[in-house]
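A.B. asks: Provided herewith is a single structure, encoded as structure tokens, for subsequent inquiry.
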Amino acid sequence: MTANEDQEMELEALRSIYEGDECFKEISLVSFQFRIGDLDDTKAFMLDITWPETYPETAPQMSLDAFFNNRFSAETKQLILTKLEEQVEANLGTAMMYTLFEWAKENQEALMENHKPVATAVTSSSDGITSSTAKKKEKKEQLTKSQKRRIINRTDHKGELPRGWNWVDVIKVGAFYLLATRWCTFSALSLQ
């Protein structure tokens with residue numbers, strides 16, 4: 001069999017095995033993503049694998065460069081790739097994607113045993129201040145006692161404004177405007 005026939009057969013097998021599995025994603029005919037672990041798991045990682053033309057006779061290209069893996073240190077990523085490359089060497093010449101994915105799932109804890117979450121820092125270009133990804137609590141605006149009293153007097157016991165509160169002001173302003181225009185019209189007529 002040629003490498004392309006082996007790839008076609010393996011692709012068919014992967015599609016049937018992982019049909020409906022949210023962890024497996026086929027990017028193209030030769031490129032795949034596989035998530036090891038649940039989405040809410042802090043030790044879950046996304047493995048990208050691309051087949052070269054001569055796969056499975058040559059090793060697939062593996063990477064952990066997906067945005068999903070940004071919380072891992074370079075050392076952790078390198079450890080995972082080294083362990084996976086050992087598995088690739090052991091299975092070279094055969095269809096190995098299923099074997100790699102399942103091995104990674106079974107050994108996730110061992111692969112992530114030295115993992116420590118990485119706190120990323122973002123630098124703002126406008127003011128040059130560095131802030132961590134942890135959100136800071138925003139300070140609430142301090143109100144005076146009279147401001148608080150006015151807010152309480154305008155709302156009911158649940159803190160909600162009474163029904164129609166905004167129409168009252170509109171009607172008052174409209175009535176004032178109507179009276180003012182009539183007064184101007186009346187004054188203009190009386191001056192003639």
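The values are calculated or read from the model by the stated rules, or taken from the named source; none is laboratory data. Quantities reported herein were computed from a predicted structural model and do not represent experimental measurements. We place every Cβ from the backbone using ideal geometry, glycine too, and count neighbours over all the protein chains shown. Quick note on the areas: whole protein, heavy atoms, side chains included, nothing else; ligands and nucleic acids left out. Shrake-Rupley method; radii C 1.70, N 1.55, O 1.52, S 1.80 Å.
A.B. asks: Let me confirm something: among E89, E75, E106, which residue is without any contact (Cβ under 8 Å) to a residue 24 or more places away in the chain and of a type in the set (D, E, K, R)? Steps first, please.
C.D. replies: Values: E89 fails: without any contact (Cβ under 8 Å) to a residue 24 or more places away in the chain; E75 fails: without any contact (Cβ under 8 Å) to a residue 24 or more places away in the chain.
After applying the criteria, what remains is E106.
A.B. asks: Can you go through T94, T50, T76 and tell me which one is over 18 Å from L11 (Cα atoms), out of contact with any Asp or Glu (no Cβ under 6 Å at 6 or more places or on another chain) and β-branched (V, I, T)?
C.D. replies: Values: T94 fails: over 18 Å from L11 (Cα atoms); T50 fails: over 18 Å from L11 (Cα atoms).
The conditions single out T76.
A.B. asks: How about segment 1-12: which of its residues are at pLDDT 85 or above and open to solvent by 40 Å² or more (accessible area, probe 1.4 Å)?
C.D. replies: Selection gives E8, M9, E12.
A.B. asks: Restrict the check to segment 32-44 and report whether at least one residue is on the phi > 0 side of the Ramachandran plot and either without any contact (Cβ under 8 Å) to a residue 12 or more places away in the chain or not in a helix (DSSP H, G or I) (or both). Even if it seems obvious, please write down each step before you answer.
C.D. replies: Of the residues in segment 32-44, the ones on the phi > 0 side of the Ramachandran plot are 37.
In the following step, the residues that additionally are either without any contact (Cβ under 8 Å) to a residue 12 or more places away in the chain or not in a helix (DSSP H, G or I) (or both) were identified as 37.
Yes.
A.B. asks: Here is a list of conditions, (1) assigned to a loop (DSSP other than H, G, I, E, B); (2) open to solvent by less than 30 Å² (accessible area, probe 1.4 Å); (3) under 19 Å from C23 (Cα atoms), and L47 meets all of them except one; can you say which number that is?
C.D. replies: Unmet for L47, out of (1) assigned to a loop (DSSP other than H, G, I, E, B); (2) open to solvent by less than 30 Å² (accessible area, probe 1.4 Å); (3) under 19 Å from C23 (Cα atoms): (1).
A.B. asks: Restricting attention to segment 13-26, which residues are in a strand (DSSP E or B) and open to solvent by less than 50 Å² (accessible area, probe 1.4 Å)?
C.D. replies: Listed by number, the list holds a single entry, F24.
A.B. asks: With the condition being within 28 Å of D40 (Cα to Cα) and either modelled with pLDDT of 75 or more or open to solvent by 40 Å² or more (accessible area, probe 1.4 Å) (or both), I'd like the helices (runs of 4 or more DSSP H) fully within segment 53-167 carrying at least 1 qualifying residues.
C.D. replies: Details: elements: 74-91, 97-106, 108-111, 145-154.
Those helices (runs of 4 or more DSSP H) span 74-91, 97-106, 108-111.
A.B. asks: Could you list, in sequence order, the residues of segment 27-44 that are exposed (fewer than 14 other Cβ atoms within 10 Å of the Cβ), under 26 Å from S73 (Cα atoms) and at pLDDT 85 or above?
C.D. replies: The answer is I27, and nothing else.
A.B. asks: Evaluate the following for V170: is it modelled with pLDDT of 80 or more and either β-branched (V, I, T) or farther than 26 Å from A74 by Cβ (or both)?
C.D. replies: Values: modelled with pLDDT of 80 or more: no; either β-branched (V, I, T) or farther than 26 Å from A74 by Cβ (or both): yes.
It is false that V170 is modelled with pLDDT of 80 or more and either β-branched (V, I, T) or farther than 26 Å from A74 by Cβ (or both).
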